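Below: the structure, in structure tokens.
The values are calculated or read from the model by the stated rules, or taken from the named source; none is laboratory data. Remember, it's a predicted structure, so these values are computed and weren't measured experimentally. Methodologically, a virtual Cβ is constructed for each residue, glycine included, from the backbone with ideal geometry; neighbour enumeration extends over all protein chains shown. These area figures cover heavy atoms from the full protein model, side chains too; ligands, DNA and RNA do not enter into them. Shrake-Rupley method; radii C 1.70, N 1.55, O 1.52, S 1.80 Å.
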Amino acid sequence: MKFFKLLVFTFIFCAPSAFSQNLEKFTVNGYIKDASNGEALIGASVYVKEINNGALTNEYGFYSITLPPGNYTLGVTYLGYLSVSRPFALDKNQQINVELAPESTQLEEVVVEDTEDQPTVRNTEMSTNKLDIKTITKIPTLLGEVDVIRSLLLLPGVSTVGEGAAGFNVRGGGVGQNLVLLDEAPVYNSSHLFGFFSVFNPDAVKDVKLYKGAVPARYGGRIASILDVRMKEGNSKKFEANGGIGTIFSRLAIEAPIVKDKASFIVALRRSYIDILARPTLQFLKDGGALNFYDLTLKANYNINRKNKVFLSGYFGRDIFKFDKVQGFDWGNQTGTLRWNHLFNERLFSNLTLVYSQYDYNLAFGNDDRNSFRWNSSISNFIAKPQFTYYINSNNELNFGADVTYYSFEPANAVGVTNGQAVDLSIERKYNLETAVHVGNSQKISDLLSIDYGLRFSHFQYLGPGTAYTYNDTIPGIRRSVIGSKKYGDGEAIAQYSNLEPRLSFKVQASPSSSVKGSYNRMAQYLHLISNTTASNPLDVWTPTSNNIKPQTADQFTLGYFKEIGDEKKYEFSLEGYLRYTRNQIDYIDGADLLINRFLEGDLLVGKGRAYGLEAYIQKKTGRFTGWVSYTLGRSELKTDGINRGEWYETRYNQTHNLKIAGFYDINKRWSVSGNFVFTSGTPTTFPTSRYVVQGVLIPYNAQESRNNVHLPDYHRLDISFRFEGRKTHRDGSVRRNTDYWVFGLYNLYARKNPFSIYFSQTDARFPTGQALQSQATQLAIVGTVIPSISYNFKF
């Protein structure tokens, strides 16, 4: 509460002085776009040379700068584009739109950066990474397929429990503690094919930004990270097609103007063909089975006039795994986003977003109607988000807005049939309403000090119709039983919670080439991913906060040092420390029943957590050889009554050491090579500490009631790929209209059998009476050999 009062005081103190400085001033604003296709450039640096200050463009390429009357020079820069410098006389409000031409360099630079063209040492952001799509396409990946999520795993503080694990972990947080957004629509399962590929088609992606800390007040809903993926708008200049033919799937993207420089669209499609190639050899595929995934990504935009622009985007994807024509399961995401940009005046920019998002899965067994099982589950939500940005002056940028989200959960619509007798196992739907308001200000106090401060207030309601259960108090770690229930009517509040979420970050410019930054943020999470498996899987259950489950909250503190190295500033170095405390973390009793369980809440335990660590990152940004090295030393722990004798224990996804090395080298104009190496400490797992035998059957037993008491062997892997560019010209010297390239890759170059899990079983050998039975440990490796790949990619 003291922090809240301080924040309000600071805002009241700073805002009037900021507004008062605007007397007799004018505003120059506009949009920065790519001259080749009309795409808005996010994070372009727009600066006024005479005052040595400026702004960065927002998510729609918009900027606004307020200045006293006079003659100025407007400079615009963006990585990979030719800079533009334009003189102008400011004697009234005016709009200056700039289109930047891509650099036609022979050797393409590969860069991962925190803010385009504004080095990390000179902006306020920290614990934030922006991954350039050109870099993503050059990183060696499994089967040579470009992948957004797997590329994130090379960044500091980002990890996974192994191949085949869906999602990702950030700074010791769980997969369900990351908010993944595609054009502002939540994506509840970001993986295809059990985690081997992400749902994002790289041909449709423009911008990828990961917030690990110092999260702006406009974001909320998760306590570990925010992944904000923005789609391309479509080429507004000319027709363009991109695509690729790979080892297991192909993709095609088409974009073109509807009305040149006014409206455009993009449609991108992917489809795997494992089942098509394997059908002649696998009987279950011949019997009507299926093993594939597909996704369709599309977007259109229309520039109504100087002050209004609308966008419509959508995603439809599905994984299908069927053993025959009837039996099997499938899952997928659907999203739709409608956005309206409106410019109220020269300094007030607004965006209204309407979102629909749904994730669902279906499971079916049984070949006839007399013996079968059918189960489907889903989570869907409707979102409305009005957002406003007021550019007070060149030193203050005020952001404010609201979010309203309505959730509908269907935990289980399930029916089992045995000998013609049907049993309805369905669980009633759950309904929720989450609302939030936020305000934040980015302020440059002096050349030495800049701060970002804001506040988010969130409110969550668990609504009827529904039944609220009351459970007994028992020994921690033992399943709780229902002792009462109460039915609620339509729209009636069953339970509700509120949270204040303050945000603060600062930057002290220690020298022209170095700075010190720090941040604090509180986050609240009202949805919970219920999973006690080694890795997240498509059948995991999302459940909302209720009268028995409280919202998760987290307080994170970060402090970092940032440095540019060398006369030409080719290198950037950063060192960040983080500390996060969490409350109301979900864990499970031993033997918890998580699927189709009406009384699931009786199997849940609540505890507290802590995660802390140090991230080091050094990057070479320019030249024929580029790349980065990142190292994370971290620890993630939980403490829950009823688990591990009430003592702290490591989370399943804790990794003490995490080293990533990525390198890119341009051999000549046509050949380039890329490689990455990953080393991580083995993740924790629970092994039995003793055993007993019942009628000749060996049963492992954890006599010490410990959780995650041992570690798997360390994980390490080396990948390499070669890229061969097609000719730029025909043999007669004329320029080719289309461009293409080949990628040859080797994943897991030295065939390391990295363990995904280790399990125990009784040996099959017979032993004489009185001799102790023997057990054996089996190590499971998802990828245990080198995997070659080849892909062909084109653009015309």
**OP:** Please report, in whole Å, how far the alpha carbons of the range 453-576 spread along each principal axis, starting with the longest.
**Re:** 71, 35, 30
Subject >> Arg306 paired with Lys260, simple spin-label distance in nm, labels 7 Å along Cα-to-beta-carbon >> reply: 2.3
Original post:
Suppose R0 equals 35 Å; then what is the FRET efficiency for Tyr356 and Phe794 from their Cβ-Cβ distance, rounded to the nearest 0.05?
Top reply: 0.55
**OP:** Provide Rg over Rh for the range 238-329; use the alpha carbon set for both Rg and the Kirkwood Rh (inverse mean inverse pair distance).
**Re:** 1.19
Original post:
Quick one: Cα convex hull volume of the range 598-712, Å³ per residue?
Top reply: 210
**OP:** Quote to one decimal, in nm, the extra length available between Phe724 and Lys753 on full extension: 0.36 nm per residue of separation minus the C-alpha distance between them.
**Re:** 7.5 nm
Original post:
What are the GluC sites (Glu not before Pro) within the range 396-483 that DSSP puts in a loop, where the Cβ has at most 16 other Cβ atoms within 10 Å?
Top reply: Glu428
Original post:
Taking 0.36 nm per intervening residue step and subtracting the Cα-Cα distance, what contour gain separates Ala592 from Val417 on full extension?
Top reply: 60.5 nm
**OP:** Report the FRET efficiency, 1/(1 + (r/R0)^6), for Asn52 and Tyr581, where r is their Cβ-Cβ distance and R0 is 45 Å, rounded to 0.05.
**Re:** 0.65
Original post:
Peptides 306-315, 478-487: what's the order by average Cβ count within 10 Å, highest mean first?
Top reply: 306-315, 478-487
Original post:
In the range 566-609, what is the volume of the convex hull around the alpha carbon atoms, normalised per residue and reported in Å³?
Top reply: 149
Subject >> Projected-area mean, the range 505-589, by convex hull of Cα positions, square nanometres >> reply: 8.7
Original post:
Mind ordering 146-155, 672-681, 48-57 by average Cβ neighbours within 10 Å, highest first?
Top reply: 146-155, 672-681, 48-57
Original post:
Which ³J(HN,Hα) values, rounded to whole Hz and listed in residue order, are derived for the range 416-431 from phi using the Karplus coefficients 6.51, -1.76 and 1.60 in 6.51 cos²θ - 1.76 cosθ + 1.60 with θ = phi - 60°, glycine and proline given as x?
Top reply: x, 10, 10, 6, x, 9, 8, 10, 7, 9, 5, 10, 4, 5, 10, 10
Subject >> Scaled radius of gyration (Cα, divided by 2.2 N^0.38 Å) that the chain gives >> reply: 0.99
**OP:** Per residue of the range 152-165, in order, report the coupling 6.51 cos²θ - 1.76 cosθ + 1.60 (Karplus, θ = phi - 60°) as ³J(HN,Hα) in whole Hz, putting x for Gly and Pro.
**Re:** 4, 5, 8, 8, x, x, 10, 8, 8, 7, x, 4, x, 9
Original post:
Going down the table (Lys209/Lys307; Lys728/Lys795; Lys130/Lys206; Lys130/Lys260), which pairs top 18 Å between alpha carbons?
Top reply: Lys209/Lys307; Lys130/Lys260
**OP:** With the full set of protein chains in place, find how many percent of the accessible area of the chain is carbon and sulfur; take the probe as 1.4 Å.
**Re:** 58
Subject >> Placed amide H near Phe756: partners under 5 Å, 5+ positions off or other chain >> reply: Leu780, Ala781, Ile782
**OP:** Would you grab the residues whose amide H sits under 5 Å from the one on Val199? Only those 5+ places off in sequence or on another chain, please, with H modelled 1.01 Å from N.
**Re:** Ser191, His192
**OP:** Express the accessible area of the range 243-374 per residue in Å², computed with a 1.4 Å probe while the remaining protein chains stay in the model.
**Re:** 44
Original post:
If you line up the long axis of helix 2-20 against the longest principal axis of the chain, both from Cα atoms, how many degrees apart are they, to the nearest 10?
Top reply: 20
**OP:** Using only alpha carbons, build the gyration tensor for the range 114-251 and give me the equivalent ellipsoid semi-axes, biggest first, whole Å.
**Re:** 24, 20, 14
Original post:
How would you order 699-710, 458-469 from highest to lowest mean count of nearby Cβ atoms within 10 Å?
Top reply: 458-469, 699-710
Subject >> Helix-only [θ]222 nm of the chain, DSSP H runs n ≥ 4, -39500 (n - 2.57) each, per residue, nearest 500 >> reply: -1000 deg cm²/dmol
Original post:
So, in nm, how far is label Phe557 from label Asp424 when the simple model puts each one 7 Å beyond its Cα toward the Cβ?
Top reply: 5.4
Original post:
Given the range 414-537, what count of lysine pairs have C-alpha atoms under 28 Å apart, with each pair 8 or more places apart or on different chains?
Top reply: 5
Subject >> Test item: Cα-centred dipole of the range 521-664, Lys/Arg +1 and Asp/Glu -1 on Cβ, debye >> reply: 480
Original post:
Ordered by residue, what ³J(HN,Hα) values in Hz, to whole numbers, does the range 640-650 give under the Karplus form 6.51 cos²θ - 1.76 cosθ + 1.60, where θ = phi - 60° and Gly and Pro are x?
Top reply: 9, 4, x, 10, 6, 6, x, 9, 4, 9, 6
Subject >> Label-to-label distance, nm, for residues given as Phe760 and Ala384 (7 Å Cα→Cβ offset) >> reply: 5.8
